[in-house]
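Following this message is one structure expressed as structure tokens.
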Amino acid sequence: MDAAATDPDYDVLVAGGGLAGAALACALGATGWRIGVLEPGGAGDRRAIALSASSERVFRALGLWEAVAPRAVPIRMVHVSQQGRFGVVRLRAEDTGLPTLGQVLHHEDLLHALHARIDALAQVSLLRGWRATGLAEDAHGVTVTVSAHGGTGGRDHLRARLVVAADGARSVLREALGIPAQVTDYGQQALVCTLETARETRGVAYERFTPDGPLALLPAGARQCTLIWSRPEADAARLATEPAERLGVAVQAAFGHRLGRLRVAGPVQRFALRMLRAERNVAGRVVLLGNAAHTLHPVAAQGFNLALRETAWLAELLYGQWRAGAPPGAHGILEQFARRCAADLERTARFTDALARLFTTPGLGPLRSAALAGLDLAPPLRRRLARLGMGLYGAVPRLVAGVPLQEDERCMPIW
């Protein structure tokens, strides 16, 4: 029988069970649609993620915050400075009227909570050990070629009315669709590790700009933080192989002594830093989501938070179609999704790219110092910058407002 004439296996098939894809599946659990999630699996990821206030609201609206809250470390202030120069900006939660600017959690803890919720949803199937390897669209839906257990367990096909490609920066489905992606290589790698501090972190996140790249310290406990240090590739490779004590000395020299003596505790990881932007995030009955659509420089910690806001928009629009009795992706809803996300993506991508470049451009040190000092003395500008970083700038979807999709239109945001 022709595949086009058969009922689809799923109404929505999400290719990729990472944070963005799993969050979408959890949100669509509020519908009566059959949702499939291809989850290739892999080693656990203990990288720290700085959740913005908007992302925390999404997890609350999905009913998942209680599952991760015991392991969350709140960010109550962001301290921004420049090595060897005067001028400091302090962004405080109290100035925004919110209890925190965000939360720090480990990728693995967030993913575990999302997968546990998917397992509890009757209409959602987590297809562990399966990955998408290609697709073909016809008038009735999309056929996705899948491979089991990394290609060792045979091949098969799944049919869906709508496919969400959330299969990472090297997206197989994006390539299969022929969607070009613009890649900017910063020539840097991020060094990531855990640091023990002599002084308490007190919920302060630090962003310190050095001539070679930004250095961020995220609070991870009373006397513990996560280092994310962007360095030129050769320098990052050298530092990653240094003994822990010598690496700690290098970090101390770049950061200073605001937290007392710093000590490297645990292994050091390296990640190449590139900005990737797909030419478009919608093609026919396929949507690109998360890293498949874009990756950003880690400065200001915007990448996942932007992806989660886009996930919230997509979930809201699809939920509206389900309530109206329309099939997923019908009536130009995907084009509407692309329009809703465009301004946020452009604003956030330009912001992070400008930060990554501005503080490594030689000869601008005094000007940057004056700008930081002036910004610290201008509360309205500080609040605007804080709201941009928290993902609460401009129109936001219901989940970002803390409103579950199932509640009526009159319910209020949680804060």
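The values are calculated or read from the model by the stated rules, or taken from the named source; none is laboratory data. Not measured: the values here are computed from a predicted model. Here Cβ is always computed from backbone atoms with ideal geometry, including for glycine, and neighbour counts include all displayed protein chains.
Does residue 51 satisfy being buried (at least 24 other Cβ atoms within 10 Å of the Cβ), modelled with pLDDT under 95 and either assigned to a strand (DSSP E or B) or aromatic (Phe, Trp, Tyr) (or both)?
Criteria met by residue 51.
Here is a follow-up. Could you give me the residue pairs with C-beta distances under 9 Å whose first residue belongs to segment 305-323 and is farther than 9 Å from residue 405 by Cβ, whose second residue is of a type in the set (Phe, Trp, Tyr) and outside any helix (DSSP H, G or I) wherever it lies, and which are 6+ apart or on separate chains?
As it stands, the answer is 318/33; 322/33, since those pairs meet every condition given.
Another question about this same structure. Quick check: is even one residue across segment 206-221 more than 30 Å from residue 103 (Cβ to Cβ), hydroxyl-bearing (Ser, Thr, Tyr) and in contact with a His (Cβ under 8 Å, 6 or more places away or on another chain)?
The first filter runs over segment 206-221 and keeps only residues more than 30 Å from residue 103 (Cβ to Cβ), leaving 211.
Of the ones still in play, those that are also hydroxyl-bearing (Ser, Thr, Tyr) are none.
So far as segment 206-221 goes, no, none of its residues is more than 30 Å from residue 103 (Cβ to Cβ), hydroxyl-bearing (Ser, Thr, Tyr) and in contact with a His (Cβ under 8 Å, 6 or more places away or on another chain).
Right, here's the next one. Looking at 190, 205, which is the one that is closer than 19 Å to residue 79 by Cβ, assigned to a strand (DSSP E or B) and within 19 Å of the chain's Cα centre (by Cα)?
Only one candidate qualifies: 205.
Within segment 226-235, restricting attention to residues that are among the charged types (D, E, K, R) and in contact (Cβ under 8 Å) with a residue 24 or more places away in the chain, which residue is surrounded by the most Cβ atoms within 10 Å (Cβ to Cβ)? Spell out how you get there, then give the answer.
Looking only at segment 226-235, we keep the residues that are among the charged types (D, E, K, R), and these are 231, 233, 235.
With the extra rule that they be in contact (Cβ under 8 Å) with a residue 24 or more places away in the chain, the set shrinks to 231, 233.
Working: 231: 24, 233: 15.
Applying the filter and picking the extreme gives 231.
Conditions tested, residue by residue: (1) touching a helix residue (DSSP H, G or I) at 6+ places or on another chain (Cβ under 6 Å); (2) farther than 19 Å from residue 353 by Cα.
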| residue | (1), (2) |
| --- | --- |
| 244 | no, yes |
| 254 | no, yes |
| 276 | no, no |
| 289 | yes, yes |
| 298 | no, no |
| 305 | yes, no |
| 322 | no, yes |
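List the strands (runs of 3 or more DSSP E) that sit entirely inside segment 86-174 and contain at least 1 residues that are aliphatic (A, V, I, L, M) and modelled with pLDDT under 90.
88-92, 141-148
Report whether or not residue 158 is farther than 20 Å from residue 311 by Cα, surrounded by 18 or more Cβ atoms within 10 Å (Cβ to Cβ) and either touching an Asp or Glu at 6+ places or on another chain (Cβ under 9 Å) or among the aliphatic types (A, V, I, L, M) (or both).
Numbers: farther than 20 Å from residue 311 by Cα: yes; surrounded by 18 or more Cβ atoms within 10 Å (Cβ to Cβ): yes; either touching an Asp or Glu at 6+ places or on another chain (Cβ under 9 Å) or among the aliphatic types (A, V, I, L, M) (or both): yes.
Here the answer is yes, as residue 158 does meet what is asked.
Scan (1) surrounded by fewer than 24 Cβ atoms within 10 Å (Cβ to Cβ); (2) among the hydroxyl-bearing types (Ser, Thr, Tyr); (3) closer than 30 Å to residue 47 by Cα for the single condition residue 319 breaks and write down its number.
So residue 319 meets the others, but not (3).
Of the residues 223, 174, 238, 170, which is basic (Lys, Arg), touching a strand residue (DSSP E or B) at 6+ places or on another chain (Cβ under 8 Å) and without any contact (Cβ under 8 Å) to a residue 40 or more places away in the chain?
223
Just one of 213, 141 is buried (at least 21 other Cβ atoms within 10 Å of the Cβ), farther than 30 Å from residue 231 by Cα and touching a Lys or Arg at 6+ places or on another chain (Cβ under 8 Å); which is it?
Answer to the check: 141.
Checking residue 164 against (1) surrounded by 15 or more Cβ atoms within 10 Å (Cβ to Cβ); (2) more than 14 Å from residue 25 (Cβ to Cβ), only one condition comes out false. Which one?
Checking residue 164 against (1) surrounded by 15 or more Cβ atoms within 10 Å (Cβ to Cβ); (2) more than 14 Å from residue 25 (Cβ to Cβ), the one that fails is (2).
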